[in-house]
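Please treat every number below as a calculation from the coordinates, not as lab data. This is a predicted model, so every value here is computed, not measured. We place every Cβ from the backbone using ideal geometry, glycine too, and count neighbours over all the protein chains shown.
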Amino acid sequence: MHNMELDLSDKIRSFLIEKNKDLLFDELSERFLESGNLKDILTGIPVPITGDATDNFTNLTIAMGMARVIGADPDFRYAEAYRACLRRMYGENAEKVLISEGAKAGGSGDYEMACIYFRTALQLNPGSRDALYLYGRACSDAYNREDLEEAYVGMFKAQAFDIFEELTIRHPDFDMGYYFLGYSYANMGQYTKAQITWQEFMELSRDRKEDGDSSMDPIPADEMQEMREEIGNRLESMEQAVEIEHAVNRILSGDFQHGIDVLTLYEEKYSEWWPLWYYLGVAYAGMEQGEQSVEAYKHALRLSPSNIQVMTELVEVFQSLGDWKNAEKYIEKIRVVQKGMEEEAREQNEE
């Protein structure tokens, strides 16, 4: 993000810019600039005017309009002037004002606008714990709604992960960063990292009663206790997932027999989970046990019929066995699936 120390890829900018379609821009009168002590900053520079501010033009509406613009697009042409203006208007309180506006927007369910204000606060203070935390929360709330486009969910989910990870780096003693980062890891199937992260949350939150350092999102003691119980239960239930992840990593590093020994223990319990059978196929292929590999891959395909990755591996096994007929059969299936995906993408673009 421009003017921020955070080395984070801005994944949601295009979605946030859409929020500012209603903004008009105009230059302020010399009289207005003089009255607000802004002449040296904003002379000759147009400022955004929100649709509801045309009849109520105040320093606050001007400031929030500028915050909206640079929060969505930190590289906006007049971003530096807008940031200087916000600092001039609010001084040391600028960050708190923006966080407060973001909290209001999030509280009303406008999570994109909440993100915008928190992002602007971070441009003024990249290390702000409250802004980072609430920005991550707003991203999470945004993608957890129903009936959203896949691209939207993916980008907001990735942005939330980046923010919570950065929060734990900048503020390693803040327990809530680990709480949400653990969920990000778990959602990506990185169970070992989720386990380590949640264990850190449990350690940091052990003696926590209430977060007196943050005025924006205090956690009452009873709510924190519920969170600890929730994460404690998740840690207990994910032991097997962690063991499976370790086995998969061993397979990927070439220790095929160890992976087979572990994964076969879960064949019955996870019989409907295609990745288990896929990695068993990889392990059997690595052990040059072609027939067992074929059966594992076919099991995976029954659960995930259009999975090109599985079919590609299956083709390679058939080729290694000299079974050219079946190899060509699955090559053709891959072509059909790819063609279908291309046609679906074309139809969506036309819409």
Can you tell me which of 115-127, 23-35, 242-254 comes out highest on packing, and rank the rest after it, using the mean Cβ neighbours within 10 Å? 115-127, 242-254, 23-35
Nearest 10 degrees is fine. How inclined is helix 175-187 to the longest principal axis of the chain, computing both from alpha carbons? 40 degrees
So what's the angle, to the nearest 10 degrees on a 0 to 90 scale, between helix 324-350 and the longest Cα principal axis of the chain? 20 degrees
Could you please rank Ser14, Ser304, placing first whichever residue has the fewest other Cβ atoms within 10 Å of its Cβ? Ser14, Ser304
In debye to the nearest 20, the charge dipole size for the chain, taken about the Cα centre with +1 at each Lys and Arg Cβ and -1 at each Asp and Glu Cβ, equals 600 debye
Can you give the Kirkwood hydrodynamic radius for the chain, in Å, rounded to one decimal and based on Cα pairs? 23.8 Å
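For Cα pairs less than 8 Å apart in space and 6+ apart in sequence, what is the mean separation divided by the residue count of the chain, i.e. the relative contact order in percent? Can you show the working numbers first?
Working: 414 pairs, mean separation 30.9, N = 351.
Answer for the chain is 9 percent.
Considering only lysines 8 or more places apart in sequence, or on different chains, count the pairs in the range 257-350 whose C-alpha atoms sit under 17 Å apart. Before the final figure, lay out the partial values.
Numbers: Lys298/Lys325; Lys298/Lys329; Lys298/Lys333; Lys325/Lys333; Lys329/Lys339.
Total qualifying Lys-Lys pairs in the range 257-350 comes to 5.
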Among 294-303, 220-229, how do they line up from the highest to the lowest mean number of other beta-carbon atoms within 10 Å? 294-303, 220-229
Need the C-alpha centroid separation for the range 171-207 versus the range 117-161, integer Å. 18 Å
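Using unit Cβ charges (K, R positive; D, E negative) and no other charged atoms, how large, in debye to the nearest 20, is the dipole of the range 257-350 about its Cα centre?
That gives the range 257-350 a dipole magnitude of about 120 debye.
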Check: the range 1-148 dipole with +1 on Lys, Arg Cβ and -1 on Asp, Glu Cβ, in debye: 260 debye
Which distance in Å, rounded to a whole number, links the C-alpha centroids of the range 323-346 and the range 279-311? 17 Å
May I ask you to give the average projected area over all directions of the convex hull of the Cα atoms of the range 1-148, in nm² rounded to one decimal? 8.7 nm²
Tilt of helix 129-143 relative to the longest C-alpha principal axis of the chain, in degrees (0 to 90, nearest 10)? 60 degrees
